[in-house]
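Here's the structure we're looking at; comments come further down.
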Amino acid sequence: MRALDPAFDAHLKSGATTLCHCWRVTRRDGAVLGFTDHDRALVFDGAAFEPETGADGAAMTASADLAVDNTEIEGALRSDRLSAADLAAGRYDGARVEIWRVNWADVDQRLLLRRGVIGEVRAARGPDGETFAAEIRGQSSLLDRPSGRVYQRQCDALLGDARCGVDIADSAFGATGVVAAVIDEQRFTASGLAGFEDGWFEHGRLDWTSGANQDLSAFVKTHARAGEHASVTLWLPAGAPIKVGDAFAIIAGCDKRHETCRDKFSNLVNFRGFHLMPGNDFAVSYPARGEALDGGRRR
């Protein structure tokens, strides 16, 4: 049971309350935004909560077991700080959210209702303009994340992490480039990559360092040389339109196979998969006459 501040408890029991909801959103890049359904700005804990932003909190579900507790913030995009482009670009994915019940007449009287992270974000254009709905996942959603290792053929390490050991800062594994021409929302040609063989950056990460997508990342589907430039295709469209002159940093791709780890990165000693595990053909096989089943190496 939550312990209420005595003054706030007395206010709730008074029968004449001055209450509102406040939402504080902290993005992964450190930006903090505050919104409230009150009609004037509120300030507490070093954050300003913008009024009349169209935000509206749906009913919150809570349970005593380990079921995932979810709620939503939805409404119209009326805040200059909350844009459909940022939502579509994924700048709010994984952002931390705090939901407060506040006495707007005395903001020192407040109660933290819920903490969570933003999951799925939907934006649409309706008769009242652009609208959004952001799912807020409760802390119990963390229990749904896979943990531990899986017995599988492919490597489960991330290229460049402590378990992998590859130095992705090495110029042999990465490069910087600049968009030379835009083909569509997912394809472009770029300078700076012509010295790498076809497919070198496939499955790799691309980090935008300038332009409308600055500080966002994407993953590379295909990479091939195209004259003095190289063509790049992304798995998904960038958050904002790609423009000529946009700069990026790109890291070599790894498809998690042991052949790639050995031949491309010379790192088989750190391979984190089980490429010698028997396949389905072995699992359904049976002894044959003359076969030596002595535990030795299979040919």
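The values are calculated or read from the model by the stated rules, or taken from the named source; none is laboratory data. On a predicted model such as this, the values are computed, not experimentally measured, just so you know. With ideal geometry, Cβ positions are generated from the backbone for all residues, glycine too; neighbour counts draw on all protein chains shown. These accessible areas exclude ligands, DNA and RNA; they are computed on the full protein's heavy atoms, side chains included. Shrake-Rupley method; radii C 1.70, N 1.55, O 1.52, S 1.80 Å.
Okay, here's what the table says:
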read-out	value
Two-decimal Rg to Rh for segment 210-263 - Kirkwood Rh, Cα set	1.02
For segment 178-218: Kirkwood Rh in Å [reciprocal of mean 1/r, alpha carbons]	11.4
FRET efficiency, 1/(1 + (r/R0)^6) with R0 41 Å, evaluated for F274 and E228 via beta carbons	0.45
Accessible area in the full protein assembly, largest first, 1.4 Å probe, for E228, E120, E50	E228, E120, E50
Estimated D of segment 152-215 in µm² per second, where Rh is the Kirkwood radius over Cα pairs and Stokes-Einstein applies at 25 °C, 0.890 mPa s	176
Convex hull (Cα only) mean projected area of segment 155-282, reported in nm² to one decimal	8.8
Efficiency of FRET from Cβ geometry, R153 and R187, R₀ 35 Å, rounded to 0.05	0.65
Neighbourhood net charge (9 Å Cβ-Cβ; Lys/Arg +1, Asp/Glu -1) for S231	+2
Computed over segment 182-249, the ratio Rg/Rh where both radii use C-alpha atoms and Rh is Kirkwood	0.92
